[in-house]
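To start, the structure under review is shown below, and the notes come after it.
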Amino acid sequence: MLGKKSLEKGADHLIIWDINSDLLEDAYTKLSEYGYNVSTQKVDVSNPMEVEHAAALTLQKFDMVNILFNNAGIIVGKPFHKHTSEEIAKTVGVNQLALMYVTNAFLPHMMNTNSGHIVAITSSAGVDLTATTNYISGIKTRLNVENVVSSSTQISASAAAAGRSEEHTS
């Protein structure tokens with residue numbers, strides 16, 4: 001688990017968002033048993049209003065978000081030609097749009113503090129892996145073009161997908 005690795009390496013607190021309450025409870029219980037500081041919140045990251053609300057609560061409670069992991073992803077689990085329009089929309093919403101919603105919710109705070117690292121991760125299991133990977137790469141490029149991630153800031157971004165990774169740092 002990525003969050004556990006961060007805690008093992010010295011992160012003070014881990015905040016986990018997920019749409020699945022059972023998974024959140026399981027993660028909280030397991031990590032708390034190790035003595036780690038963990039908070040969980042049920043959030044549908046494909047819903048921009050939920051993301052904005054959850055981000056506002058997070059930033060009210062914590063002084064700083066140092067590392068933002070964007071690793072939500074879903075797969076439909078059937079051949080693409082059998083996907084419904086709703087399944088396609090949900091896949092794009094979670095695998096691609098959520099990256100923008102969550103990054104957009106926290107990036108102003110990172111820019112104000114001139115500190116932070118954004119990590120975008122795709123799953124090798126995703127049917128739309130190439131599209132999602134290209135999308136993530138595009139977001140990172142956009143942040144670079146806008147000089148959000150540059151030599152003049154302390155904000156950096158990384159992307160990882162199916163055994164590959166890229167990093168853009170100051």
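The values are calculated or read from the model by the stated rules, or taken from the named source; none is laboratory data. Not measured: the values here are computed from a predicted model. Positions of Cβ are generated from backbone atoms using ideal geometry, with glycine treated the same way; all protein chains shown enter the neighbour counts. These area figures cover heavy atoms from the full protein model, side chains too; ligands, DNA and RNA do not enter into them. Shrake-Rupley method; radii C 1.70, N 1.55, O 1.52, S 1.80 Å.
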Is there any pair with a first residue in the range 1-20 that is open to solvent by 40 Å² or more (accessible area, probe 1.4 Å) and a second that is part of a loop (DSSP other than H, G, I, E, B) and of a type in the set (D, E, K, R) whose Cβ atoms are under 7 Å apart and which are 6 or more apart or on different chains, and what are they? Ile19/Asp44
Does Lys90 satisfy the condition of being open to solvent by 60 Å² or more (accessible area, probe 1.4 Å), at pLDDT 95 or above and either out of contact with any Gly (no Cβ under 8 Å at 6 or more places or on another chain) or in a helix (DSSP H, G or I) (or both)? no
So the check is Cβ under 7 Å with 6+ separation or different chains; which pairs have a first residue in the range 79-102 that's within 15 Å of Val43 (Cβ to Cβ) and a second one that's assigned to a helix (DSSP H, G or I) and modelled with pLDDT of 95 or more? Tyr101/Pro48; Tyr101/Val51; Val102/Val51
Inspect the range 31-44 for any residue being under 20 Å from Leu99 (Cβ atoms) and open to solvent by less than 40 Å² (accessible area, probe 1.4 Å) and give the result as yes or no. yes
Just name the residue that is nearest to Gly93 (Cα to Cα) out of those in the range 1-48 that are more than 16 Å from the chain's Cα centre (by Cα) and hydrophobic (A, V, I, L, M, F, W, C). Leu23
